[in-house]
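J.: Have a look at this one.
What follows draws every value from the coordinates through simple rules; no lab data is involved. Remember, predicted model here, so these are calculated numbers, not experimental data. A quick note on method: Cβ atoms are made from the backbone with ideal geometry, for glycine too, and the neighbour counts reach across all protein chains shown.
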Amino acid sequence: MTDFHLHSTFSPDGRSSMADMARAETERGIKHICFTDHVENCNASEPLGFEPGDFYEIREAYFASIAETREMFRGRLDISAGIELGGINHDLETAAAITALDGLDFVIGSVHNNRGKADFYFIPYESREECSELLRDYLLENIEIAKSGLCDVVAHIGYPLNCMLARGFELDLSVHTDTVRELVSELVDRGVGMELNVSGFRRKINDSEPSMWILKLYRELGGEIITVGSDGHDVSQAGLFVDRGFSMLREAGFKYVTVFEKRKPRFIKI
Ligand SMILES: [Zn+2]
Ligand SMILES: [Zn+2]
C-alpha cells in the first residue's frame, strides 16, 4: 500500500514529526509514502482564515528533513518529497515557480477556499442555496486547476461537503453532476491525476473524497492516474483507512495505483 498525502510539523496543522509519521505508516503496512505539507504561497492575498506562511522560508529545512527521514527508513519504506499546493489558480505565476523547484517528486493541487473566500472549514454556512453555490464555484475552481497542468493530482474532490455537514447542511456533489463530469473529463483529457482521499472516513461525513460514483466515473472515462492519501496530520491518522481506499480502487475497476518520483508517474499493480 502507498500513502501519497501526509502532513508533518512542517504544516501549521501538522502534529507529528516526519520520523514519527513514517514509523506509524510502516506499522500500518504501507510501503511508499509521500510527505505533502501545505504550501499556501498562491493564497497569500486570500482571506483564508489562517496565516498562509512562506514555503521559501522553510524549503531547505523541509527537503533536508525528508532526506534524513528517507535515510532512517531505507529498505523499509520508500519516501517521496511532495507538497500540497493550495490555490494554484489564484496565482498561476507563483504556482509555476514553486512547482518548478528542484527536489519535488509530487504536487497535489488543492482547493481549500474559493477565490476571495475563507477556507471552507471556517465559513459559517447559513443555507443550502449558499452551500450549493459555493460547491459549484468549488468545482469550477478545480477545473481551473486541472487546466493549469501544474499539479500531478487534484486533491480531495468534495472537501467542502464535510465542512458543510458540520454546520448542519448535508449535500452531495450530485447537485452539480454536469460540472463534476466536466471536471473529471478535464482530468482525463489533460492527463492530470485524481487523488482518492480517505480522511473523510475519520470524519462525520464517513465517505471518501471523492465519493465512489466520481471515482467510478473517472475510471469509466479512461482515468488511470490515481493516488491514495490518508491526509494524516498526526501518528493516529498516518495511513489510516488507506486499506479501505485500495479496496475502493479495486471495486471501481482500477488495476494500478500511482506513485510519483521526480514528478513522473509510476504504476504499481494492486
Ligand atoms: Zn487539503
Ligand atoms: Zn492535506
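J.: If each DSSP helix of 4+ residues adds -39,500 (n - 2.57) and the sum is divided by the residues in the chain, what number results at 222 nm, nearest 500 deg cm²/dmol?
T.: For the chain, the value works out to -11500 deg cm²/dmol.
J.: Need the full-extension length gain, Asp172 to Ser17, defined as separation in residues times 0.36 nm minus the C-alpha distance. One decimal, nm.
T.: Between Asp172 and Ser17, full extension yields an extra 52.3 nm.
J.: Expressed in nm², what is the orientationally averaged projection area of the convex hull enclosing the Cα positions of the chain?
T.: 12.4
J.: Using a basic spin-label model with each label point 7 Å from the Cα along Cα→Cβ, how many nm lie between Arg136 and Glu57?
T.: So the label points at Arg136 and Glu57 sit 3.9 nm apart.
J.: For the range 81-129 and the range 1-40, what is the separation of their C-alpha centers, rounded to whole Å?
T.: 19
J.: List the lysines whose Cα sits under 19 Å from the Cα of Lys216, skipping any in the same chain fewer than 8 residues away.
T.: Lys255, Lys269
J.: By its C-alpha gyration tensor, with a ≥ b ≥ c as the square roots of the eigenvalues, how is the range 159-204 shaped: rounded for a/c under 1.5, else prolate for a/b larger than b/c, else oblate?
T.: Because a/c hits 1.5 or more and a/b fails to exceed b/c, the range 159-204 counts as oblate.
J.: Classify the range 191-242 as rounded, prolate or oblate, taking a ≥ b ≥ c as the square roots of the eigenvalues of its Cα gyration tensor: rounded when a/c is under 1.5, otherwise prolate if a/b is larger than b/c and oblate if not.
T.: oblate
J.: Taking each pair of different alpha-carbon atoms in the range 56-144 once, compute 1/r for the pair, average those values, and report the inverse of that mean as the Kirkwood hydrodynamic radius in Å to one decimal.
T.: Evaluated on the range 56-144, it is 15.5 Å.
J.: Another question about this same structure. Send over the Kirkwood Rh of the range 169-270, from the inverse of the averaged 1/r over different Cα pairs, rounded to one decimal Å.
T.: Radius from the Kirkwood sum: 14.2 Å.
J.: Another question, if that's okay. Can you give the Rg to Rh ratio for the range 100-228, taking only C-alpha atoms and Rh from Kirkwood?
T.: My calculation puts Rg/Rh at 0.95.
J.: Could you please state, rounded to a whole Å, how far the C-alpha centre of the range 221-270 is from the C-alpha centre of the range 170-215?
T.: 14
J.: Just tell me the longest site-free run in the chain, where the sites are GluC sites (Glu not before Pro) in a DSSP loop having at most 11 other beta-carbon atoms within 10 Å.
T.: Value returned for the longest uninterrupted segment is 1-125.
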